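Participant: Before anything else, here's the structure in question.
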Amino acid sequence: MKAYSATDVGRVRKMNQDYIFASETPVGNLPNLFVVADGMGGHKAGDFASSHGVSVLLESIRNDREFNPIKIIRHAMEKANVQILEQAQQNDDLAGMGTTMVVCSIVGHYAYVANVGDSRLYVAGDAIQQITRDHSLVAEMVRLGQLDEEEARNHPDKNIITRAMGIVREVAIDFFDIRLEENSRILMCSDGLSNMLTDEEMFRILKECEPGEDPTERLIGRANENGGKDNIAVIVVEPFTNEVKE
């Protein structure tokens, strides 16, 4: 396994409210762990929401005695959600803050994925496929047939999310498990990447990078070339790189 991760403030924002965590080695009873969080809120609040949320998530995972990866991730995300909400209620400077979160752990040939909000996870192999579903106003309009994909990309309300960590006490979390192929790569990102690049552009950059070559700099560079209107967070995982073939 090989993982690459990076964040960038972008070309417009003054503060980076995206937060990432990437570990190819065990975290608690999970064999590896990858997280992207995109904070929202006023000055410092979004920054705190994403970093604090991931911190609580990690502490929960390290202390969880479960072995089922979905249960471990569910417990941790639920705990992080409550902690963010309680911090927002106790501190006026943090009122209204929240964060997206997409979490992944790879066990054997399966990726176990959870998300809240519009940070995404893709699997790229012979093609690229978005696994997570955006919890956003525009994504709901696409699912209802009110917008097509091109209209959605340029819609003025595309940054309005319908679900986030830290807003209500019981958050609805989506879970996915995906069987990975030998050539699969996982791409996780905040909307600072997915709003600036099409899926096809992301896939092309991944294909241009050989296995073992870090694609995050190229992905972030292209997002900034296309406007860099938001913070950018990227994790790319090659689950089967460096494995010894028998």
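The values are calculated or read from the model by the stated rules, or taken from the named source; none is laboratory data. No experiment lies behind these values; they were computed from the predicted model shown. Heads up, the Cβs are rebuilt from the backbone with ideal geometry, glycines too, and the neighbour counts pull from every protein chain shown.
Participant: Check every one of the strands (runs of 3 or more DSSP E) wholly within the range 1-51 and list those with 3 or more residues that are without any contact (Cβ under 8 Å) to a residue 40 or more places away in the chain.
Facilitator: none
Participant: Inside the range 105-138, can you point out the residues that are surrounded by 19 or more Cβ atoms within 10 Å (Cβ to Cβ), of a type in the set (A, V, I, L, M) and more than 18 Å from ASP177 (Cα to Cα)?
Facilitator: Matches in the range 105-138: VAL138 only.
Participant: Run ILE20 past the list (1) within 22 Å of LEU94 (Cα to Cα); (2) in contact with a Cys (Cβ under 7 Å, 6 or more places away or on another chain); (3) of a type in the set (A, V, I, L, M, F, W, C) and report the number of the one that doesn't hold.
Facilitator: The one condition ILE20 does not meet is (2).
Participant: Also, quick follow-up: From VAL102, VAL82, grab the single residue that is surrounded by 13 or more Cβ atoms within 10 Å (Cβ to Cβ), in contact (Cβ under 8 Å) with a residue 40 or more places away in the chain, outside any helix (DSSP H, G or I) and of a type outside the set (Phe, Trp, Tyr).
Facilitator: VAL102
Participant: Could I ask something else about it? Could you list all residues from the range 205-226 that are charged (D, E, K, R) and surrounded by fewer than 18 Cβ atoms within 10 Å (Cβ to Cβ)?
Facilitator: Hits for the range 205-226 are LYS207, GLU208, GLU210, GLU213, ASP214, GLU217, ARG218, GLU225.
Participant: A further question follows. Could you say which residue among ASP126, ASP199, ASP174, ASP157 is farther than 28 Å from GLY108 by Cβ and out of contact with any Phe, Trp or Tyr (no Cβ under 6 Å at 6 or more places or on another chain)?
Facilitator: ASP157
Participant: Quick one: HIS155 ticks every box in (1) within 30 Å of SER60 (Cβ to Cβ); (2) surrounded by 14 or more Cβ atoms within 10 Å (Cβ to Cβ) except a single one, so which number is it?
Facilitator: (1)
Participant: Another question about this same structure. Would you check if there is a residue in the range 209-229 being within 20 Å of THR100 (Cβ to Cβ) and modelled with pLDDT under 95?
Facilitator: yes
Participant: Still on this structure, I have one more. Of all residues in the range 105-123, how many are assigned to a strand (DSSP E or B) and out of contact with any Phe, Trp or Tyr (no Cβ under 9 Å at 6 or more places or on another chain)?
Facilitator: Matching residues across the range 105-123 total 5.
Participant: Would you confirm whether any residue within the range 192-204 is crowded, with 21+ Cβ neighbours inside 10 Å, among the basic types (Lys, Arg) and over 19 Å from ASP38 (Cβ atoms)?
Facilitator: No; the residues of the range 192-204 include none that is crowded, with 21+ Cβ neighbours inside 10 Å, among the basic types (Lys, Arg) and over 19 Å from ASP38 (Cβ atoms).
Participant: OK, next. Taking only pairs six or more apart or across chains, which ones have beta-carbon atoms under 6 Å, a first residue in the range 170-186 that is small (Gly, Ala, Ser), and a second residue that is part of a loop (DSSP other than H, G, I, E, B)?
Facilitator: Filtered contacts from the range 170-186: SER184/GLY125.
Participant: Given the conditions (1) farther than 19 Å from ILE167 by Cα; (2) in contact (Cβ under 8 Å) with a residue 40 or more places away in the chain; (3) over 14 Å from the mean Cα position of the chain (by Cα), and given that MET97 satisfies all but one, which numbered condition is not satisfied?
Facilitator: Among (1) farther than 19 Å from ILE167 by Cα; (2) in contact (Cβ under 8 Å) with a residue 40 or more places away in the chain; (3) over 14 Å from the mean Cα position of the chain (by Cα), MET97 violates only (1).
Participant: Another question, then. In this structure, is GLY42 closer than 29 Å to ILE220 by Cα and more than 19 Å from the chain's Cα centre (by Cα)?
Facilitator: Yes; evaluated as a whole, the condition is true for this residue.
Participant: Something else: Report, ordered by the first and then the second residue, all pairs with beta carbons closer than 9 Å, sequence separation of six or more or different chains, a first member in the range 64-79 that is part of a loop (DSSP other than H, G, I, E, B), and a second member that is among the hydrophobic types (A, V, I, L, M, F, W, C).
Facilitator: Every condition considered, the pairs that remain are ASP64/LEU30; ASP64/ILE72; ASP64/ALA76; GLU66/ILE72.
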